[in-house]
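In what follows, a single structure is set out as C-alpha cells and then discussed.
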Amino acid sequence: MSTKKAFALLARIVVVLVVWLPVSGGLMQTTQAAFPGMNGKIAFQTFRDGNAEIYGMNPDGTSQTNLSNNSANDYVPNWSPNGTRIVFSSDRDGHIQVYVMNADGSGQTNLSNSAANDNKPAWSPNGTKIAFTSDRDGDQEIYVMNANGSSQTNLTNNTAYDNAAAWSPDGTKIAFTSDRAGPSLVNDIYVMNADGTGVTNLTNTWANEGSPSWSPDGTKLAFYTNWDGNWEVYVMNADGTGQTNLSNNAAMDISADWSPDGTKIVFHTNRDGNDEIYVMNANGSGQTNLTNNVGVDGLPSWQPLLYNFSGFFQPVDNLPTLNKLKAGSAVPVKFSLGGDQGLNIFEAGYPRSQQIVCNAFTATDGVEETVTAGSSSLSYDSVTNQYTYVWKTDKSWTNTCRQLVVKLNDGTFHRANFNFTK
Ligand SMILES: [Ca+2]
Ligand SMILES: [Ca+2]
Ligand SMILES: [Ca+2]
Ligand SMILES: [Ca+2]
C-alpha cells in the first residue's frame, strides 16, 4: 500500500469516526457565503429545543431567538446578500427541502419542491440564484436554481459526493467539496465557474477539507481540515496557496463563516465539551464563545447589512447623465442612507475620482448649484435626513471628464460622472 493510500485510509477511518457524530445532528459541511456589508446578526442551527431550529443572535451572543419555530428539523441557514432573507433546509415535508424565510422567521416557503433531498442552500451575491445540493440523480450534486425555485440545473454532473457550495463575492465562481479525487469520503475543496465549467482542486491533500467560505473581498477562503490530526479552521488564498491554521485547538473546529466586514470569522467548536459558536479575529486571535448553551450549536452564517442608499439628489444627476460644471468649484453631493448612520460611512480612501473618456457619455446636464469650500467634507442634516459630501474639484481638470466614486463601508459603490469646463 502506498503512503498516500495508507494515509487516505487512515483519514477515512478518522472521518467516519469523527464526522459521524456531527452528521447525525446535520451539522457537517455547511454552505457559506460571506458577502460585503456591515456586520448584522448571526444565524445558526441549534438542537437546544429538542429538534433542529434556526436561531438568530447579535454578534456578541445576546438576544438568541428562535426564527424557524417548527417541530421538524430546520438546518443550515444562509443569509441573502442584502440581509433581508434566510435560505435553509427543513425535513418538515418528510424529506429535506430548501426553504426560504424573512429575517424575522416569517413567510417560510418551500423553494425546491422536489421528491429528492435538497440541502445546504447558498444565495448568489446578486440575489438572483441559489445553489444547493440534491441527490435526485442518485448521488450528491451541486444544483443551481433561480431564487424563486425555477430552472433547477445540475452543475457538477459527477458520480462523486459533491457538496457545500459557496459563491465567490463577485458571483463568477462557486467553491465546493468533492471526494472525486478518491478515495471515497476523502474530500477536497474545489472551485468551478458559476456555470459548472473549469473545475479545479484547491487543496489536494490526503486529509479531509470542508465548508469553504469566501472572504468578502474574494481573495481568501476559510475552510476546515483534519490535516493536523484534529479538525481545525484554516484559511488559504483563493488559488489554494498559503494554507494556515487559524483555530489551533485540540478540539473540533469546523464550519467557519467570514463576517461581512472581513475582520472576523465565526465557527463551530466543541472545545468546552459542548458544541458552541465561537468568534475570532480573521488572524485567529481572540477566540470567544458566543452561544454558551448546553444544546448543540453549529452552522453559523453572518448577516450582511446594507445602507438604504437613495441615489444622488440634485444638483448632481445620477448615471448615465454627465454633470457639467466649472473645474475648481465645490459640488454638494447629496444622498440619503435611510436615516442617521453617523459620519463614519465611507470606506477608507473614498470618495475618490478617476478620469473617464468624455465622449462615451452623451447626456449632459449642468450642476445648477456649487458651494465655496477649501476642502472636501461630509455632514448630515437631521431635518432632511440627508448627507452632503462637499466635493472640492481641481482647476487642472478643465476640459476633462471624471467619475466620482463613493464607496460606503457596507461595501457598495455609487458613481456619478462629471465634465469639467473652464
Ligand atoms: Ca425545527
Ligand atoms: Ca456528484
Ligand atoms: Ca481543532
Ligand atoms: Ca452549545
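Read-outs: derived from the displayed coordinates by stated rules, not from any lab. Since we're looking at a predicted model, the values are computed, not measured. Every residue, glycine among them, receives a Cβ derived from its backbone with ideal geometry; neighbour counts consider all protein chains shown.
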Original post:
Under a plain spin-label model, where a point goes 7 Å from the Cα along Cα-to-Cβ, how far apart in nm are S376 and S106?
Top reply: 4.0 nm
**OP:** Using a 10 angstrom cutoff on alpha carbons, build the Gaussian network for the chain and name the most mobile of N289, N274, N163.
**Re:** N274
Subject >> Gained length - Y350 relative to N154, 0.36 nm times residue gap less alpha-carbon distance >> reply: 66.4 nm
Original post:
aspartates and glutamates within cross-link reach of K129: Cα-Cα under 14 Å, excluding same-chain residues under 8 positions apart?
Top reply: D170, D195
Original post:
With r defined as the distance between the Cβ atoms of T65 and D93 and R0 fixed at 35 Å, what FRET efficiency is calculated, to the nearest 0.05?
Top reply: 0.90
Subject >> Cleavage-rule hits (GluC sites (Glu not before Pro)) in region 311-419: DSSP loop, at most 14 neighbouring Cβ within 10 angstrom >> reply: E368, E369
**OP:** For region 216-357, compute Rh as the Kirkwood radius over C-alpha pairs and then the Stokes-Einstein diffusion coefficient at 4 °C and 1.567 mPa s; write the answer in µm²/s, rounded to an integer.
**Re:** 69 µm²/s
**OP:** Would you mind computing, in nm to one decimal, how far apart the modelled labels at V294 and K395 are, each placed 7 Å from Cα along Cα→Cβ?
**Re:** 7.6 nm
**OP:** Indicate the gyration tensor shape class of region 58-147 (rounded, prolate or oblate), computed on the Cα atoms with a ≥ b ≥ c the square roots of the eigenvalues: a/c under 1.5 is rounded; otherwise a/b larger than b/c is prolate and the rest oblate.
**Re:** oblate
Original post:
What pairs in K173/K334; K41/K392; K41/K407; K220/K334 have C-alpha atoms more than 26 Å from each other?
Top reply: K173/K334; K41/K392; K220/K334
Subject >> Cα-based helix-to-principal-axis angle, 3-24 vs the chain, degrees rounded to 10 >> reply: 80 degrees
Original post:
Which aspartates and glutamates have a Cα less than 14 Å from the Cα of K326, not counting those fewer than 8 places away in the same chain?
Top reply: D365, E368, E369, D394
**OP:** Provide, for q = 0.08, 0.09 Å⁻¹, the log10 of I(q)/I(0) from a solvent-free Debye sum over equal Cα point scatterers in the chain.
**Re:** -0.50, -0.61
